[in-house]
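Contents: one structure, followed by commentary.
The values are calculated or read from the model by the stated rules, or taken from the named source; none is laboratory data. If you're wondering where the values come from, they're calculated on a predicted model, not measured in any experiment. FYI the Cβ positions are ideal-geometry reconstructions off the backbone, even for glycines, and counts take in every protein chain you see. For accessibility, only protein heavy atoms count, side chains too; no ligands or nucleic acids. Shrake-Rupley method; radii C 1.70, N 1.55, O 1.52, S 1.80 Å.
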Amino acid sequence: MLQLVWFKRDIRLFDHQAIHHAVATGEKVLFMYIAEPSIWQAGDLAKRHFTFMQQSLEDIQQSLRKIGGELYVAIGEMESILDDIYKMYGAFRMHSHYEHGIQPTFDRDLRVKRWMHEHTCLWTEYADFPVVRGKNAPRRRDFLKEWIKETILAIPRQVFSLSTVPNGLTNDLTILESLQVPGEERAIDIRGGEKEGIAYAKRFFEEKYMRYNINMNKPYVAPSSSSIISPYLTWGNISLKSLMRAVQKHMKHLKQTANPSEYDFLFEQLKSFQARLEWRSSFVQTVENFPMMHIRSLDSRFEGIRHQNPELLNAYIKGETGLPFLDACMRSLQQTGWINFKQRAMLATFGCNVLLLDWRVVGKVLAHAFTDYDPGIHWKQMQLQSGIDPKHHIPMHNVIKQGKENDPKGEFIKLYIPELRHLDNTNIHEPWSLEINPYITPIIDLKQSMDDHKKLLYGIKKNGHASE
Ligand SMILES: Cc1cc2nc3c(=O)[nH]c(=O)nc-3n(C[C@H](O)[C@H](O)[C@H](O)COP(=O)(O)OP(=O)(O)OC[C@H]3O[C@@H](n4cnc5c(N)ncnc54)[C@H](O)[C@@H]3O)c2cc1C
């Protein structure tokens, strides 16, 4: 029987359960990626992600060919592609990973399940992350303990490929160019692909992790010590399990080799990285439990209080608010596709709580800009940062204070706002204090907006309505 490997957000060959199980049958395997308009045009994904995905597909096509395989792609909805395969080959078995996404992917998976059932074809999904599903699922912590011990799967030495495929499928990846995806075509610094992902992980352990905690909040130096592995985890270019096992290996190695005076410090850096890899899955679990996370507020009392303001939104997106540190962060993100956690939180709270823009709109702007956009982490963070998660406080970061703390010399600002290069450490954060402001006039009175909106948002949180 024909075996199908359906790639989704798991574009790699190493430690890939679906590939392992399909190849282990000894049957011919059809490896495919389907660019579905219903997913790529749903609104949260953008050209930046599609480019990263295309690069990832090119990379695994090369790798697959080395072991006798071939990658086929198509543009279309899954059911119609499955129809075509069924017409040519009859019943087949399909293997894929569990996708943990928002409503469009959740609904698509239900439709595919129905199709498979109606055609008496078997679909096996494998857990790529320690995220649990269903009523009888074990507790996530217990599942994680077992999951992390599972064997890491090598790339198969040889696979048996098909010689003919239905008309809709092709091994010419350039056909993907014709799919319309929202967003601008922008060059990104981070290139997709399994080889790239492995190189990023290697660089982190060999050169970067030593100052992980010290630099993580400072955008000027964060790229030199953060892993920037997030896009590779999000698009599945690297297996989370293998990365977590690599951390354990490096911890052991450190114990055997580190100078005792350095050991505690270096171990702390790895421990902190390890903790974040674990947080990752707890965030993804939230969207698995609640796929409407991108549109429904966890606390409905905040519905309707934020506004649409195209002028403010436009200045925010372009990094032209007149607030230098905030603008530098946004311009950096738009150019590179990545920024560190602390500044993501600041960008989100500024958009949602200081400008008081709709959190879904701000969330979409940021999702389009983050190459690592992951629905689970992203939408839960958006709810947290906009203060609509009832279990948490309402964050309101002062962007001037943040700039002074995390970019004290203004080096990051100067990198992205060249017209401020001549200013000293003090003036660069508040150029309007100068007799003639060499920068854009701020679009809002920061202090006033923060005070007003703090009152409004806490009023709702405490009393269920805005306080007088
Ligand atoms: C508003 C907002 C939106 C975010 N959206 C995303 C997103 O769409 N995709 C995404 O991968 N991360 C997101 N994050 C979390 C975090 O900022 C990034 O994971 C991190 O900056 C990626 O850089 P890195 O790979 O160098 O991380 P490292 O610090 O090297 O951490 C290693 C890995 O741990 C995970 N991780 C790190 N921090 C967090 C966190 N706070 N929560 C959950 N997992 C974490 C990521 O997978 C990351 O790659 C968001 C944070 C905020 C505040």
(message) For Cα pairs less than 8 Å apart in space and 6+ apart in sequence, what is the mean separation divided by the residue count of the chain, i.e. the relative contact order in percent?
(response) 18
(request) Taking H placed 1.01 Å from N in the peptide plane, check which residues at least 5 places from residue 92 or on another chain put their amide H under 5 Å from its amide H. (result) 122
(request) In whole Å, largest first, what are the principal axis extents of the Cα atoms in region 35-129? (result) 37, 36, 27
(request) Can you find, among 17, 397, 449, the residue farthest towards the positive end of the dipole of the chain? Put +1 on the C-beta of Lys and Arg, -1 on that of Asp and Glu. (result) 17
(request) List every residue whose amide H lies under 5 Å from the amide H of residue 8, counting only residues 5 or more places away in sequence or on a different chain, with H placed 1.01 Å from N in the peptide plane. (result) 97
(request) Go through 396, 88, 1 and list them by solvent-accessible area, largest first, probe radius 1.4 Å. (result) 1, 88, 396
(request) Could you rank 242, 261 by how accessible they are, 1.4 Å probe, largest area first? (result) 261, 242
(request) Rounded to whole Hz and in sequence order, give me ³J(HN,Hα) for region 216-230 from the Karplus expression 6.51 cos²θ - 1.76 cosθ + 1.60, θ = phi - 60°, writing x for Gly and Pro. (result) 4, 8, 9, x, 5, 10, 3, x, 7, 9, 7, 6, 6, 8, 3
(message) From the phi angles alone, apply the Karplus equation (6.51, -1.76, 1.60; θ = phi - 60°) to region 164-173 and give each ³J(HN,Hα) in whole Hz, x where the residue is Gly or Pro.
(response) 10, 10, x, 3, x, 8, 8, 9, 8, 5
(request) Just add up the charged neighbours of residue 384: K/R +1, D/E -1, any other residue whose Cβ is under 13 Å from the Cβ of residue 384. (result) +1
(request) Work out the charge dipole of region 98-155 with +1 on the Cβ of Lys and Arg and -1 on the Cβ of Asp and Glu about the Cα centre, then indicate which of 155, 100, 116 is farthest towards its positive end. (result) 100
(message) Residue by residue through region 429-443, what is 3J(HN,Hα) from phi via Karplus (6.51 cos²θ - 1.76 cosθ + 1.60, θ = phi - 60°)? Round to whole Hz and write x for glycine and proline.
(response) 7, 9, x, 6, 6, 6, 4, 10, 6, x, 10, 4, 5, x, 6
(request) Please work out how much accessible surface residue 122 shows to a 1.4 Å probe, ignoring ligands, DNA and RNA, in Å² rounded to 10. (result) 100
(request) Quick one: pull the percentage of alpha-carbon pairs in the chain with a separation above 38 Å. (result) 29
(message) Against the 2.2 N^0.38 Å scaling, with N counting residues, where does region 300-463 land? I'd like the Cα-based Rg ratio to two decimal places.
(response) 1.02
(request) Measure up 202/409; 8/195; 135/380 against 20 Å on the Cα-Cα distance and list the ones that go over. (result) 202/409; 135/380
(request) Express the accessible area of region 300-463 per residue in Å², computed with a 1.4 Å probe while the remaining protein chains stay in the model. (result) 41
